[in-house]
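The values are calculated or read from the model by the stated rules, or taken from the named source; none is laboratory data. This is a predicted model, so every value here is computed, not measured. Virtual Cβ from ideal backbone geometry, glycine too; neighbours counted across all protein chains shown. To get the accessible areas, we keep the full protein, side chains included, count just its heavy atoms, and leave off ligands, DNA and RNA. Shrake-Rupley method; radii C 1.70, N 1.55, O 1.52, S 1.80 Å.
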Amino acid sequence: MPSILTESIFAAQSGDAVVFYRNSKLLAFLCITSGICSGLRSGCFGIANIILVKRLRETLYSALLSQDISFFDREAVGDLTSRLGADCQRLSLVIANDIHLILRNVLQGTGALINLLMLSWPLAVSALFICCVLSLIFLRYGRYQKKAAKLVQDFTADANEAAQETLSLMRTVRVYGTEKKEFGRFEQWLDKVAFINIRESVAYGLWSVSFSTLYRATQVIAVVLGGISIMSGRVSAEQLTKYVLYCEWLIFATWRVTDNVSSLMQSVGASEKVLQLMDLLPSDQVLSKGVKLQRVTGHIQFVNVSFRYPARAKVPVLENINLSIQAHEVVAIVGPSGSGKSTLVNLLLRLYEPIAGQIYIEDFPLRELDIRWLRGKIGFVPQEPHLFRMSIKSNIMYGCSREIEDEDIELAAKQAYAHEFISSLPDGYETIVDDGLLSGGQKQRIAIARAILRDPAILILDEATSALDSETEHYVKGILHAMRNDIKAKRTVVVIAHRLSTIDAADRIVVMDGGRITEMGKHTELLKMDGLYANLVKARTDALA
Ligand code: ADP
Ligand code: MG
């Protein structure tokens, strides 16, 4: 274009109408085609970007969902969600923006350079030299920018985390009156972000100064050197005009290429973690198929099981656990807090693998069973159930694979003694659950209804102490009903018990202390032994009295 443009101007000046009109038509044609092409290019890359972000997020999310539970002990949730959000977006920009702009500008720059070389190679070399200096300065600046971007990203994440924590614990903050302190915590990160942003702006200013100085310098050099050459008759005015125009193209192309390369580097830096996470192999449990048994009666055996959490590999949590639970037996596990009761259940659900020993279900090693199938046979009520933000009905139905009627849901809720309070809510079973609006006991009763609805062969209840309030009676009834539900099938029940009433209903009591089983037997037998259990019971009856 610069060449045709110059030719038309000089043709008009010399009165060459044929060349002038031909070039004008050519210019108009080029103008339209380049417009259409660049529109098409941006559109296509835009669509590619949308598809890419979607697929990146899908891949990353499915990689995350198939990780072991220990992975989630290590990684912060906020961190993972920001990878899924902002970082995926950034990574897709690499393709949609950076790469296509780099290609476009490299093409434009090369074209300009070839034309320059054809015009006059000494002038071309001088322009190239300036471009090299410009790129060096820019790459230096780009490296600085990359570092700054990383810091800004980290500090912003810290600021967000502080704000998120404060806002979600607002009740505690209000009660302790720590608003000022929390504000300071947030502000401290904002200060850091601002400081880096200011330094970045200064660096940008310096870069702008060098860019415009060098850019103007090429024009001045061209005019001075070219003017001398014109006067000595070696170069024509037309050639010099072309040179100036091509030089401009070359410099701008160089600037944009370096700009996009540095943005590419930044994106790659930010996306490192995304790629790393996407490369994680799914956990063995997701991959391996395992055996499905004909029938699960609920015979469970722990043989010499020892365990420590991967996140805290030095601290032994369970040591040499030997426990055999018969089919249809109701076993209560009691013990002081931190003695490893919930951990025992985690192992039974195969959320973690024991480091030594073996767990058997129906005399089959747990490791060889199809764990997804087995989990379908287990009903689990966690100690602190969190419900999904959907209707109570959907929460009760959650994860149930068989056909379910509304009556089944109500029946399960009745058995868990949850029906009464659910019906008293304005929207009944359609009420959208808000974690803060239900009490711990109510949430746990919904969780019990969920477990009952599955009609599991093995029922695991981690009884919550937090639910010990005025609704205790209902709550305990719900638990007992779940344990002693003879309507359909008999089942094996493992209950981590805090209340005497639940302990009473058990066939056998297992007492744990410091990751070991210390006592085992019936209520009366254990009382006679006058050990830890007798003490626990005494402490509890004292507390209730
Ligand atoms: P209990 O249910 O009997 O109160 P837990 O089984 O929850 O006790 O915990 C036993 C020990 O394991 C505690 O010392 C606890 O700090 C530790 N622990 C529990 N969960 C984890 C985890 N995800 N990562 C590391 N340590 C854990
Ligand atoms: Mg526990």
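Reported count of residues in region 412-427, each being assigned to a helix (DSSP H, G or I) and at positive phi, is 0.
Comparison of VAL220, VAL244 shows that the only residue that is open to solvent by 60 Å² or more (accessible area, probe 1.4 Å) and part of a helix (DSSP H, G or I) is VAL220. Restricted to region 334-359, and to residues there that are surrounded by fewer than 19 Cβ atoms within 10 Å (Cβ to Cβ) and within 6 Å of ligand 1 (Cβ to nearest atom), the residue that is nearest to ASP73 (Cα to Cα) is SER342. In region 25-40, the residues that are closer than 14 Å to SER3 by Cα reach residues that are small (Gly, Ala, Ser) with C-beta atoms within less than 9 angstrom, at least six apart or across chains, in these pairs: LEU26/SER8; LEU27/SER8.
Of all residue pairs spaced 6 or more apart or on separate chains, those with beta-carbon atoms under 7 Å, a first member in region 300-325 that is away from ligand 2 (no atom under 16 Å from the Cβ) and a second member that is aromatic (Phe, Trp, Tyr) are GLN301/TYR360; VAL303/TYR360; ASN322/PHE302; LEU323/PHE302. Return yes or no: is SER66 under 30 Å from ARG350 (Cβ atoms), open to solvent by 30 Å² or more (accessible area, probe 1.4 Å) and not acidic (Asp, Glu)? So SER66 fails the test. Within region 375-404, the residues that satisfy the criterion of being free of Cβ contacts under 8 Å to residues at least 40 places away in the same chain and surrounded by 15 or more Cβ atoms within 10 Å (Cβ to Cβ) are ARG375, LYS393, SER394. Are any residues in region 387-427 at pLDDT below 85 and hydroxyl-bearing (Ser, Thr, Tyr), and if so, which ones? Across region 387-427, the qualifying residues are SER401, TYR417. In region 360-369, the qualifying residues are those that are in contact (Cβ under 8 Å) with a residue 40 or more places away in the chain and open to solvent by less than 60 Å² (accessible area, probe 1.4 Å), and the one that is farthest from ligand 2 (Cβ to nearest atom) is GLU362.
Only a single criterion out of (1) more than 23 Å from ASP259 (Cα to Cα); (2) open to solvent by 80 Å² or more (accessible area, probe 1.4 Å); (3) of a type outside the set (Phe, Trp, Tyr) is not satisfied by ALA159, namely (2). For region 515-531, enumerate the residues that are open to solvent by less than 50 Å² (accessible area, probe 1.4 Å), over 14 Å from ALA332 (Cβ atoms) and within 16 Å of ligand 1 (Cβ to nearest atom). Within region 515-531, just GLY515 meets the criteria.
Put simply, of ARG295, ARG372 the only residue that is open to solvent by 40 Å² or more (accessible area, probe 1.4 Å), away from ligand 1 (no atom under 16 Å from the Cβ) and in contact with a Gly (Cβ under 9 Å, 6 or more places away or on another chain) is ARG372. For LEU459, the stated conditions do not hold, so it cannot be described as modelled with pLDDT of 80 or more, in contact with a strand residue (DSSP E or B) (Cβ under 7 Å, 6 or more places away or on another chain), part of a helix (DSSP H, G or I) and surrounded by 14 or more Cβ atoms within 10 Å (Cβ to Cβ).
Remark: pairs (first residue in region 140-159, more than 29 Å from PHE183 (Cβ to Cβ); second residue at pLDDT 85 or above and not hydroxyl-bearing (Ser, Thr, Tyr); Cβ separation under 9 Å; 6+ apart in sequence or on different chains) = TYR141/ALA203; TYR141/LEU206; TYR144/ARG199; TYR144/GLU200; TYR144/ALA203; GLN145/GLU200; GLN145/ALA203.
Just give me the residues in region 504-533 being in a helix (DSSP H, G or I) and within 16 Å of SER337 (Cα to Cα), in sequence order.
LEU532, TYR533 - these are the residues of region 504-533 that are in a helix (DSSP H, G or I) and within 16 Å of SER337 (Cα to Cα).
Is there a residue in region 405-426 that is open to solvent by less than 40 Å² (accessible area, probe 1.4 Å), among the β-branched types (Val, Ile, Thr) and without any contact (Cβ under 8 Å) to a residue 60 or more places away in the chain? So that I can check it myself, show each step before the final result.
Applying the first criterion (open to solvent by less than 40 Å² (accessible area, probe 1.4 Å)) to region 405-426 yields 409, 412-413, 415-416, 418, 421-422.
Add one more test, that the residue is among the β-branched types (Val, Ile, Thr), and what stays is 409, 422.
Then drop every residue that is not without any contact (Cβ under 8 Å) to a residue 60 or more places away in the chain, which leaves 409, 422.
Yes, that holds for at least one residue.
In region 298-312, how many residues are within 16 Å of ligand 1 (Cβ to nearest atom) and open to solvent by less than 60 Å² (accessible area, probe 1.4 Å)? If you could, list the steps in order and put the result at the bottom.
Start the filter on region 298-312 by keeping residues that are within 16 Å of ligand 1 (Cβ to nearest atom), which leaves 302, 305-312.
Subsequent filtering for residues that are open to solvent by less than 60 Å² (accessible area, probe 1.4 Å) retains 302, 305-307, 309.
Here the count works out to 5.
What number goes with the only condition from (1) within 28 Å of LEU500 (Cβ to Cβ); (2) at pLDDT 90 or above; (3) open to solvent by 50 Å² or more (accessible area, probe 1.4 Å) that PRO316 does not pass? Every listed condition holds for PRO316 apart from (1). For ILE378, the test of being more than 16 Å from ligand 2 (Cβ to nearest atom) and among the hydrophobic types (A, V, I, L, M, F, W, C) is passed. Candidates in region 235-274 are the residues that are over 27 Å from the mean Cα position of the chain (by Cα) and basic (Lys, Arg); of these, the one that is nearest to GLN108 (Cα to Cα) is ARG256.
Looking at SER168, is it surrounded by fewer than 15 Cβ atoms within 10 Å (Cβ to Cβ) and among the polar types (S, T, N, Q)?
Values: surrounded by fewer than 15 Cβ atoms within 10 Å (Cβ to Cβ): yes; among the polar types (S, T, N, Q): yes.
When the stated conditions are applied, SER168 passes them.
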